[in-house]
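Q: Please find one structure pasted underneath; my questions will follow.
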Amino acid sequence: MRNPWAQTGNYRTSYRQDTSIFATHRELVSLLLFLGFLLVLPQFLSRTQVFILDLILVYSIAVLGLNITTGYAGLINIGQAAFMGVGAYTAALLAPQGLPFWLVVPLGGLVAAFFGFLVGIPSLRVKHLYLALATLAFQVVFEWTVGHLPLLKQGGAMDMPRASFLGYEAGFRNHFHFWYYVALAILVILALFFRNLLRTRYGRALVAVRDNDRAADAMGMDPGRTKLFAFALGAFYAGVAGVLYAYLSRAVVIEDYTFAVSIKLLAMAIVGGLGTLVGSFLGPAFLELLDVNMEALSNLIKALGFSVAGVDVASALRPLAFGLIIVLFLMFEPRGLYNWWRLVRSYFRTWPFKY
């Protein structure tokens, strides 16, 4: 008889059971308890710490989209920050007109998805390095356009209004807490969609095109339509993240959506694990917490007497640690932090038995 709380074997006897999200009740209960922990966590943290959590949630949404484009479909995208910028500037234009944030968020995602569809058109003819250069070109064109467009203040700061929901307005004291819960709710919804994507024919088409687009075409799939779908959906996630980041920072400036941010998002996907749901959370959390603790590490280095006069150790350590982390993960753990999570999960799946 199948045990609903422990996975002691494969006892699935129907297609519905085979496509279930949770293998056991224990997985579902663990997720619910973890979500409950996340709901009460901001009440025990300072405003600065909640702001860091907000950044992790926003970047997780953007990395989820990048994992759809690059992780699932295998299409190299180094312009994800530009899609975030499209969503952010859409919010900067619509929000002051009086539109509520819950309407601006999907609109920003849809506008970014439209640009993602346009950027994906070159993927019909080119791939690999040439496609990466096409996405890089969009990043450069985006920065140049924003920097020369008077409507967008030529890249200067565009103020965002404060948001309210059902009569509850996000003020100075509760601003970060308000957007933490909004970002968490949106992340849960988009993560569930991400998790169910592979269970559909569209998700399976993404993986098939990634592995061999000619074989996928021979099996009746449309590689061109699949690639455009991957770019549009990945850009939608980035646009939603851009809108949330705009509301969170209370202003939209071009420096938040540059090429360096695209590289940072790609690094988060690599460190977390390309094409994985859990890796989309672990990568942003790891790199953001690493960046925050650079100051403490620099103080430790100074205390050991390794400081150099006229050099800010923390500023010098950030790019060094960033590049070193990427190289180390590519060399020793190419599957990212998700592989560590997989090993821990496999151990507790059979606990207390060893095998």
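Q: How charged is the neighbourhood of L277? Take every other residue with its Cβ under 15 Å from the Cβ of L277, and add Lys/Arg as +1 and Asp/Glu as -1. Walk me through the numbers on the way to the answer.
A: On the way: positive: R195, R199, R335, R342, R345; negative: E27.
That sum, taken over residues with Cβ under 15 Å, equals +4.
Q: Using alpha-carbon positions, what is the distance between the centroids of the range 68-98 and the range 172-190, in Å?
A: Rounded to whole Å, the Cα centres lie 19 Å apart.
Q: Could you check which residue among A183, A285, A170 shows the biggest mean-square fluctuation in a GNM of the chain with a 10 Å Cα cutoff?
A: Judging by the Gaussian network model, the answer is A170.
Q: Roughly how many percent of the accessible protein surface of the range 118-199 is carbon and sulfur, given a 1.4 Å probe and a whole-percent answer?
A: Values: 3360 of 4830 Å².
Roughly 70 percent of what the probe reaches on the range 118-199 is carbon or sulfur.
Q: Count charges around Y338 for me, please; just the other residues with Cβ under 14 Å from its Cβ, Lys/Arg as +1, Asp/Glu as -1. Mind showing how you got there, number by number?
A: Working: positive: R195, R335, R342, R345; negative: E333.
Within the 14 Å Cβ shell, the charges total +3.
Q: With all protein chains present and a 1.4 Å probe, how do T276, T48 order by accessible area, largest first?
A: Details: T276 20, T48 95 Å².
Greatest to least solvent exposure: T48, T276.
Q: Continuing with the same structure: How long are the three semi-axes of the equivalent ellipsoid of the range 21-134, in whole Å, if each is the root of 5 times an eigenvalue of the C-alpha gyration tensor, listed from largest down?
A: Details: eigenvalues 190, 104, 36 Å².
That gives 31, 23, 13 Å for the three semi-axes.
Q: Around Y59, under 14 Å between beta carbons, what's the net of Lys plus Arg minus Asp minus Glu among the other residues?
A: Values: positive: K264; negative: D54, D256, E288, D291.
After counting each charged neighbour, the total is -3.
Q: When only Cα pairs under 8 Å and 6 or more residues apart are kept, what is the percent relative contact order across the chain?
A: Dividing the mean separation by the residue count of the chain yields 28 percent.
Q: From the backbone phi of the range 179-184, what are the Karplus-calculated ³J(HN,Hα) couplings (6.51 cos²θ - 1.76 cosθ + 1.60, θ = phi - 60°) in whole Hz, Gly and Pro given as x?
A: 6, 5, 6, 5, 5, 5
Q: With a 1.4 Å probe and every protein chain left in place, work out the accessible area per residue of the range 155-269 in Å², rounded to a whole number.
A: On the way: 5190 Å² over 115 residues.
Result: 45 Å² per residue.
Q: So, one more: How large is the charge dipole for the chain, taken about the Cα centre, if only the Cβ atoms of Lys, Arg (+1) and Asp, Glu (-1) carry charge, to the nearest 20 debye?
A: 1140
Q: Follow-up question, since we're still on this one. Considering every Cα-Cα pair within the range 190-288, what fraction, in whole percent, is farther apart than 21 Å?
A: Numbers: 2159 of 4851 pairs.
Considering the range 190-288, 45 percent of its Cα-Cα pairs are separated by more than 21 Å.
Q: Please report Rg (one decimal) and Dmax (integer) in Å for the Cα set of the chain.
A: That works out to 21.5, 70 Å for Rg and Dmax.
Q: Now a separate question. Run down the aspartates and glutamates and flag those whose C-alpha is under 13 Å from the C-alpha of K227, throwing out any fewer than 8 positions away in its chain.
A: D211, D213, D217
The values are calculated or read from the model by the stated rules, or taken from the named source; none is laboratory data. Every value quoted in this text rests on a predicted model; they were computed, and no experiment measured them. Note: ideal-geometry Cβ built from the backbone for every residue, glycine included; neighbour counts use all protein chains shown. What goes into the accessible areas is simple: the full protein's heavy atoms, side chains included, and nothing from ligands, DNA or RNA. Shrake-Rupley method; radii C 1.70, N 1.55, O 1.52, S 1.80 Å.
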